[in-house]
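The values are calculated or read from the model by the stated rules, or taken from the named source; none is laboratory data. From a predicted model like this one, the values you see are computed outputs, not experimental measurements. Here Cβ is always computed from backbone atoms with ideal geometry, including for glycine, and neighbour counts include all displayed protein chains.
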Amino acid sequence: MTLDFEIQEHGNETVVQFRGEIDIHVGETLKELERKLKTSRLRFDCGGIARINSIGITIWLKALETLKNHVYSFSECNEQFLDVAVMIPLFPGTGWIESIKIQYSCDGCQHVEKRLHETGNGQVPKIDTTARCPKCTEALETDCDLADNLETLNDRGSFTARA
Ligand SMILES: [Zn+2]
């Protein structure tokens with residue numbers, strides 16, 4: 001699978017929506033993106049990323065270092081994104097995470113739902129630990145590493161806006 005992107009300009013912010021896999025080839029996609037950028041404020045909407053690995057995220061961050069005077073953030077980061085991000089000490093570079101989109105699942109009836117949590121400035125996103133399944137009322141579970149990953153990323157200032 002390859003990586004595609006779509007860009008939308010909202011005033012002076014460009015929202016970049018990635019679709020596909022972030023791997024060793026991400027550098028080429030970012031070069032193509034750079035040629036199309038008209039604003040210095042970038043938000044990467046990560047909700048469409050199907051897979052991401054540590055090489056991909058490292059190349060991504062290195063490429064962002066070369067985009068001088070650009071301010072960037074990440075939104076709709078999922079569990080896999082956060083799992084990889086904690087392994088890369090360089091993450092989030094000079095950027096920050098604006099929101100996470102995570103899965104709540106029910107062991108009882110297999111119901112799953114995704115919820116978006118805004119991070120708030122300098123705050124760990126609040127996971128709903130008392131969420132109940134709307135179908136069978138059992139407790140909904142989130143990824144077992146999520147709380148630890150969020151704490152680790154918060155210690156690096158990942159939820160603090162840099163702009
Ligand atoms: Zn259920």
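Assess whether Arg51 counts as being in a strand (DSSP E or B) and either surrounded by 16 or more Cβ atoms within 10 Å (Cβ to Cβ) or in contact (Cβ under 8 Å) with a residue 40 or more places away in the chain (or both). Answer is yes for this residue.
Restricting attention to the stretch 66-121, the residues that are polar (S, T, N, Q), within 20 Å of Arg19 (Cα to Cα) and in a loop (DSSP other than H, G, I, E, B) total 1. Step by step: first the residues of the stretch 68-97, then only those that are of a type outside the set (A, V, I, L, M) and touching a Cys at 6+ places or on another chain (Cβ under 9 Å), then the one that is farthest from the ligand (Cβ to nearest atom). Which residue is that? That would be Phe74.
On the stretch given as the stretch 98-116, residues that are more than 9 Å from the ligand (Cβ to nearest atom) and crowded, with 16+ Cβ neighbours inside 10 Å total 6.
Total residues in the stretch 122-137 satisfying the condition of being farther than 20 Å from Glu79 by Cβ, assigned to a loop (DSSP other than H, G, I, E, B) and either within 16 Å of the ligand (Cβ to nearest atom) or in contact (Cβ under 8 Å) with a residue 40 or more places away in the chain (or both): the figure is 4. For the stretch 85-98, the condition of being small (Gly, Ala, Ser), more than 21 Å from Ala161 (Cβ to Cβ) and touching a Leu at 6+ places or on another chain (Cβ under 8 Å) holds for none of the residues. Considering only the stretch 13-21, I want to know if a residue exists there that is part of a strand (DSSP E or B) and within 16 Å of the ligand (Cβ to nearest atom). Within the stretch 13-21, not a single residue is part of a strand (DSSP E or B) and within 16 Å of the ligand (Cβ to nearest atom). Just one of the numbered conditions (1) of a type outside the set (S, T, N, Q); (2) modelled with pLDDT under 95; (3) under 14 Å from the mean Cα position of the chain (by Cα) is not true of Ala85: (2). Of all residues in the stretch 101-135, those that are on the phi > 0 side of the Ramachandran plot and either at pLDDT below 95 or touching a helix residue (DSSP H, G or I) at 6+ places or on another chain (Cβ under 7 Å) (or both) total 2. Condition check for Glu32 on (1) over 24 Å from Phe159 (Cβ atoms); (2) part of a strand (DSSP E or B): one failure, at (2). Do we find a residue being surrounded by 12 or more Cβ atoms within 10 Å (Cβ to Cβ) and within 16 Å of the ligand (Cβ to nearest atom) anywhere in the stretch 142-162? Yes, there is a match, as at least one residue in the stretch 142-162 is surrounded by 12 or more Cβ atoms within 10 Å (Cβ to Cβ) and within 16 Å of the ligand (Cβ to nearest atom).
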